[in-house]
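Notes to accompany the following structure.
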Amino acid sequence: MPPSKKKKKSAKKGSSKRGNAAAAASPSNAPRSNDEIIGNTWRTGVMKKQVIRELNEALAYEATSDKRKEILDKIISLDGVSVGETGATDASLMPLTYESEPMINYAPPKRFMLTVGKTAPFYIDKKFHGRPVNMLANAGYDGDILEGAKRWRGNEPTYHLMLPNLSMGNKCTIYLGECYLDKEDPLLFAQAFAKGISSFDWPDSFAIHQCPFCCKMAQPCKDKSKKESIEEASYIMIIQNIMQFMFSGGRKSIQKIHRGLPRLCCKDCFGKNLIPEPGKGDDHTYPGILQHGIFSNAAKGLVSKQVEKVSEGKTIEKVRPSAYSLFGMYKKCGMIAAVDEVIYINQKAEMEMIAPMLGLSIGKKPTSIKEAMAEKAEGERCHEVD
């Protein structure tokens, strides 16, 4: 429900902007949706202080809302319940948060969830992926992602997290590293994941802020000039590749579409659940893994060029980026293309088995978001005619 624009008679002129932003997050007046708050700024990329303020107020409201309290209580009550071979609670018992319908119905009776629970032991799988040849040939990349794909040589490690409920057997949950949440990051993420960008049903951008383990909401740094403030707002970023099926050609053709969703994990939750394997190196332990984020590996060269001066006694490995900067480096360094290549190869083999059973053909090449949107619209028109 939009915040009221009516002013009290005693209100002073010039105070409406801050008042409206506060009203958006008051208990008696729920905030507007993220897409209503950002408007068309996802097209323009404009960063308005009023929008940043209102979105941060909405995030604060979300963190303490009655709905959030119910989710947190549910997560606590499920800890240790119905534990499977992985040591994690069955995904079907997890509370629904920002999951979209295609995620919930991805592969019935299994759910493709945004939550793994407070106890979800996982291993790190260190991989070296070659050049993304299929992605370069057919994925329709442009901008930073295209340049990153060209730059990728496969001599840097990619850390896959074998997280139950998130990995879906494709090993496509990726570790990026430690970061802090800046006040501008919620807006940047909301713009990057705005509903208007895609005709597919993806989770709200606030899903990025929700810890996959405990479901607490990441909050921005209050004062990034203070070390303790940055530490309080520090999280571990992973990429969860969420997927859905796309039908086209009058529902005669089927293809999987995926999207990499950044997730901010509480450091305590991440460290508690990582199963250490010290014999494989400190990058398979916690906190050792914190020194092996993409800023110290795949994106190190790019970071070195952008950071003109690093404080004395620090190295690039110890630079803690903002959350959105870290996500941006995932695209710029080419790792996103390398991961897309792995997912494409795995999915192609899987779909070649499944599609014939359903009497369907499969897409012959990776599909860009632009192409997928066009094919989806065409498929829906054909379906209506049929």
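Hey, can you tell me all the residues within the range 255-273 that are surrounded by fewer than 22 Cβ atoms within 10 Å (Cβ to Cβ), over 16 Å from the mean Cα position of the chain (by Cα) and assigned to a strand (DSSP E or B)?
Matches in the range 255-273: LYS256 only.
Considering every residue within the range 166-181, establish whether at least one is within 16 Å of LEU326 (Cβ to Cβ) and touching a Cys at 6+ places or on another chain (Cβ under 8 Å).
Looking for residues that are within 16 Å of LEU326 (Cβ to Cβ) and touching a Cys at 6+ places or on another chain (Cβ under 8 Å), one finds at least one in the range 166-181, hence yes.
To keep it simple, each residue is scored yes or no on (1) at pLDDT 95 or above; (2) touching a Gly at 6+ places or on another chain (Cβ under 6 Å); (3) open to solvent by 30 Å² or more (accessible area, probe 1.4 Å).
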{"position": "ILE145", "(1), (2), (3)": "no, no, yes"}
{"position": "ASN155", "(1), (2), (3)": "no, no, yes"}
{"position": "THR158", "(1), (2), (3)": "yes, no, no"}
{"position": "PRO164", "(1), (2), (3)": "no, no, no"}
{"position": "MET168", "(1), (2), (3)": "no, no, yes"}
{"position": "ALA190", "(1), (2), (3)": "yes, no, no"}
{"position": "LYS195", "(1), (2), (3)": "no, no, yes"}
{"position": "SER199", "(1), (2), (3)": "no, no, yes"}
{"position": "TRP202", "(1), (2), (3)": "no, no, no"}
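Having 3 or more residues that are in contact with a Lys or Arg (Cβ under 6 Å, 6 or more places away or on another chain) is the bar; report the helices (runs of 4 or more DSSP H) wholly within the range 86-162 that clear it.
Because the criterion is at least 3 residues that are in contact with a Lys or Arg (Cβ under 6 Å, 6 or more places away or on another chain), the helices (runs of 4 or more DSSP H) in the range 86-162 that meet it are 143-151.
Scan the range 173-207 residue by residue and report those that are within 20 Å of MET103 (Cα to Cα) and aliphatic (A, V, I, L, M).
ILE174, ALA190, ALA192, ALA194, ILE197, ALA207
Within 30 Å of ASP283 (Cβ to Cβ) and among the acidic types (Asp, Glu) - does that describe any residue in the range 199-217?
There is no residue in the range 199-217 that is within 30 Å of ASP283 (Cβ to Cβ) and among the acidic types (Asp, Glu).
Which helices (runs of 4 or more DSSP H) sit wholly inside the range 36-80 and have at least 2 residues that are among the hydrophobic types (A, V, I, L, M, F, W, C) and more than 19 Å from ALA194 (Cβ to Cβ)?
49-64, 66-78
For the range 170-181, which positions are at pLDDT 95 or above and open to solvent by less than 20 Å² (accessible area, probe 1.4 Å)?
Hits for the range 170-181 are ILE174, TYR175, LEU176, GLY177, CYS179, LEU181.
So, in the range 131-143, of the ones that are open to solvent by 70 Å² or more (accessible area, probe 1.4 Å) and hydrophobic (A, V, I, L, M, F, W, C), which residue ends up modelled with the highest pLDDT?
Taking the candidates together, the pick is VAL133.
With the structure loaded, tell me whether ILE236 is in contact with a strand residue (DSSP E or B) (Cβ under 7 Å, 6 or more places away or on another chain), modelled with pLDDT of 95 or more and surrounded by 22 or more Cβ atoms within 10 Å (Cβ to Cβ) or whether it fails that test. Talk me through it step by step, then tell me what you get.
Working: in contact with a strand residue (DSSP E or B) (Cβ under 7 Å, 6 or more places away or on another chain): yes; modelled with pLDDT of 95 or more: yes; surrounded by 22 or more Cβ atoms within 10 Å (Cβ to Cβ): yes.
Answer is yes for this residue.
The values are calculated or read from the model by the stated rules, or taken from the named source; none is laboratory data. On a predicted model such as this, the values are computed, not experimentally measured, just so you know. Please note: Cβ atoms are built from the backbone with ideal geometry, for glycine as well, and neighbour counts cover all protein chains shown. Heavy atoms of the whole protein, side chains included, go into the accessibility calculation; ligands, DNA and RNA do not. Shrake-Rupley method; radii C 1.70, N 1.55, O 1.52, S 1.80 Å.
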